[in-house]
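The values are calculated or read from the model by the stated rules, or taken from the named source; none is laboratory data. Just so it is clear, the structure is predicted and the values come from calculations on it, not from any experiment. Backbone-built Cβ (ideal geometry, glycine too); neighbour counts: all protein chains shown.
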């Protein structure tokens, strides 16, 4: 099983950091508000954050009442920032790959993951291990790159007029799941494509009940400030899923 750990690549990490610091970043404007709109009541809950990155969500979970938060990430560079900027008494940061959670102990009421599951090759195993870690009735809430985004294997993503106006998204290879090697900040970034039915059926097989799915779009206020986000109405950037562990 492949663990690329692209976030510890110095060039990628610096490029990613600059992207996230931009006020127009889609993570801040679209993904994060949608993620927290699906957030269950965290009062007194034990929370696991898979692919916690900088740890800012971990700290927010505490503000929302979580009794303890475990932030897990493979990247040492990410965890260094998390420990420096978002450490707290009831947060534990752990360096571990999402590809194998078998060494992780404890039981959690809520498992979050923000924009990380598309880096995991074996989605079925990930779901089985999350199911094991969740208490009965626990919630798994995750976001990922939209399946239309992960589908492409080659070619330009957008068709544009000569003046640069986007006409439509060039969807291709959607029905071919598996590895994708893309250029994002650096060449050779590995992600994994799954169709909507792959995702839903895997959740069901693993013992989850689907509660809600979102494909969030930027509102009028964002479009007024950043007109380039109009392209999201052709193809959303993100897919968010909230699922509940079924009681045995």
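When the criteria are applied in full, residue 72 meets the requirement of being touching a strand residue (DSSP E or B) at 6+ places or on another chain (Cβ under 7 Å), part of a strand (DSSP E or B), surrounded by 15 or more Cβ atoms within 10 Å (Cβ to Cβ) and modelled with pLDDT of 95 or more. Strands (runs of 3 or more DSSP E) fully within the range 167-220 that include at least 2 residues being in contact (Cβ under 8 Å) with a residue 40 or more places away in the chain and surrounded by 15 or more Cβ atoms within 10 Å (Cβ to Cβ): 186-193, 208-214.
Quick grid of which residues meet (1) at negative phi; (2) touching a residue at least 60 places away in the same chain (Cβ under 8 Å); (3) outside any strand (DSSP E or B); (4) surrounded by 18 or more Cβ atoms within 10 Å (Cβ to Cβ):
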{"site": "124", "(1), (2), (3), (4)": "yes, yes, yes, no"}
{"site": "128", "(1), (2), (3), (4)": "yes, yes, yes, no"}
{"site": "132", "(1), (2), (3), (4)": "yes, no, yes, no"}
{"site": "136", "(1), (2), (3), (4)": "yes, yes, no, no"}
{"site": "140", "(1), (2), (3), (4)": "yes, yes, no, yes"}
{"site": "143", "(1), (2), (3), (4)": "yes, yes, no, yes"}
{"site": "150", "(1), (2), (3), (4)": "yes, no, yes, yes"}
{"site": "153", "(1), (2), (3), (4)": "yes, no, yes, no"}
{"site": "162", "(1), (2), (3), (4)": "yes, no, yes, no"}
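Restricting the range 22-39 to residues that are buried (at least 17 other Cβ atoms within 10 Å of the Cβ) and touching a helix residue (DSSP H, G or I) at 6+ places or on another chain (Cβ under 7 Å), the residue that is farthest from residue 227 (Cα to Cα) is 27.
Listed here are the residues, each with its yes/no results for (1) touching a helix residue (DSSP H, G or I) at 6+ places or on another chain (Cβ under 9 Å); (2) closer than 26 Å to residue 23 by Cα; (3) at pLDDT below 95.
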position: 128; (1), (2), (3): yes, no, no
position: 144; (1), (2), (3): yes, yes, no
position: 172; (1), (2), (3): yes, no, no
position: 177; (1), (2), (3): yes, no, no
position: 186; (1), (2), (3): yes, yes, yes
position: 192; (1), (2), (3): yes, no, no
position: 195; (1), (2), (3): yes, no, no
position: 222; (1), (2), (3): yes, yes, no
